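**Q** Have a look at the structure that comes next, please.
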Amino acid sequence: MENKLKENLFHLLAEKGAKLMGIADLSGIGGAEMRTGVAVAVPLPPKIIRDLQNAPTLEYYDAYHALNKKLDEIVSCGAAFLRKHGYAAAAHTTKTVQQDADWRTPLPHKTVATRAGLGWIGKSCLLVTANYGSAVRLSSLVTNAPLPPDAPVTESRCGSCTVCVQSCPGKALTGTLWTPDTPREALLHKEACKKAQIERMRRAVGVETDLCGLCFAVCPYTRRYLEEITDRGL
């Protein structure tokens, strides 16, 4: 029964556009009002990723917001599906989850994603997935539904690679290998990151916002995804 519920939920999420999905056991995680999380991810279009290796673009700016809207719809549909089956569920959309001044949320999508087995936190301080590298947007929902959890990812697979660290225009990345207990500050100097993102975006397209994308565009896992797409003629 539980496996069937999970199968049907994943089928719905995929129909709505999710490309990666996983179930997280959130036991022991602060900020989790319910103990089961559902993580979803959608990749950025390949052309946008390729362009980001040179500079931020308006296409990236538009895609960033469009994918956030799409993810809101995906997790909202997932939560509604679970409530229809008699369970409590809450979608963590851009409207319901707010960052504080320190860029923190009560339950980060990245935490749910690593617990759900979607990937690990790279030296970029972003989720890295085997399928798409870091070129994904994330969202999540929480529920009390008895969904069987997937195996969490508990260690980095970045190894000795420092491509994102060396490429960061703000020198904001420390190069530290992530573990689930690693604080963000050990990976990222956030103010240096924000300053560099705003400057690159302003210089490239005249928009003052903290979007850059270079660290995930140059990630070897992202570039492997792009190579596979190219090999398929896409």
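The values are calculated or read from the model by the stated rules, or taken from the named source; none is laboratory data. Just so you know, these numbers come straight off a predicted model, no measurement behind them. Note that we place each Cβ from the backbone using ideal geometry, even for glycine, and neighbour counts take in every protein chain shown. Just the protein is used for accessible areas: all its heavy atoms, side chains included, with ligands, DNA and RNA removed. Shrake-Rupley method; radii C 1.70, N 1.55, O 1.52, S 1.80 Å.
**Q** Only one of (1) out of contact with any strand residue (DSSP E or B) (no Cβ under 8 Å at 6 or more places or on another chain); (2) open to solvent by less than 70 Å² (accessible area, probe 1.4 Å); (3) among the hydrophobic types (A, V, I, L, M, F, W, C); (4) modelled with pLDDT of 95 or more fails for A55. Which number is that?
**A** Of (1) out of contact with any strand residue (DSSP E or B) (no Cβ under 8 Å at 6 or more places or on another chain); (2) open to solvent by less than 70 Å² (accessible area, probe 1.4 Å); (3) among the hydrophobic types (A, V, I, L, M, F, W, C); (4) modelled with pLDDT of 95 or more, only one is false for A55: (4).
**Q** Considering each of V165, V207 in turn, give the residue that is of a type in the set (A, V, I, L, M, F, W, C) and modelled with pLDDT under 95.
**A** Only one candidate passes the filter, namely V207.
**Q** Quick one: which residue in A101, A55 is touching a helix residue (DSSP H, G or I) at 6+ places or on another chain (Cβ under 8 Å), over 19 Å from L138 (Cα atoms), small (G, A, S) and in a loop (DSSP other than H, G, I, E, B)?
**A** A55
**Q** Would you check if there is a residue in the range 29-41 being open to solvent by less than 30 Å² (accessible area, probe 1.4 Å), touching a residue at least 24 places away in the same chain (Cβ under 8 Å) and not aliphatic (A, V, I, L, M)?
**A** The answer is yes, given that some residue of the range 29-41 is open to solvent by less than 30 Å² (accessible area, probe 1.4 Å), touching a residue at least 24 places away in the same chain (Cβ under 8 Å) and not aliphatic (A, V, I, L, M).
Condition check ((1) under 19 Å from the mean Cα position of the chain (by Cα); (2) closer than 30 Å to R83 by Cβ; (3) not hydrophobic (A, V, I, L, M, F, W, C)) across all residues:
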residue	(1), (2), (3)
V142	yes, yes, no
V153	yes, yes, no
S167	no, no, yes
L188	yes, no, no
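**Q** Pairs needed: first member in the range 144-164, buried (at least 17 other Cβ atoms within 10 Å of the Cβ); second member anywhere, modelled with pLDDT under 95; C-beta distance under 7 Å; at least 6 residues apart or different chains.
**A** L147/E2
**Q** Any chance you could count how many residues in the range 106-125 are in a loop (DSSP other than H, G, I, E, B) and touching a Lys or Arg at 6+ places or on another chain (Cβ under 8 Å)?
**A** 1
**Q** Check whether at least one residue in the range 79-97 is open to solvent by 40 Å² or more (accessible area, probe 1.4 Å), of a type in the set (K, R), closer than 15 Å to V42 by Cα and free of Cβ contacts under 8 Å to residues at least 60 places away in the same chain, and report yes or no.
**A** no
**Q** I'm trying to understand the selection: among the residues of the range 2-28, which are surrounded by fewer than 14 Cβ atoms within 10 Å (Cβ to Cβ), on the phi < 0 side of the Ramachandran plot and part of a loop (DSSP other than H, G, I, E, B)?
**A** Scanning the range 2-28 gives a single hit, S27.
**Q** Enumerate the helices (runs of 4 or more DSSP H) found wholly within the range 187-234, keeping only those where 3 or more residues are touching a residue at least 40 places away in the same chain (Cβ under 8 Å) and open to solvent by 20 Å² or more (accessible area, probe 1.4 Å).
**A** 190-205, 220-231
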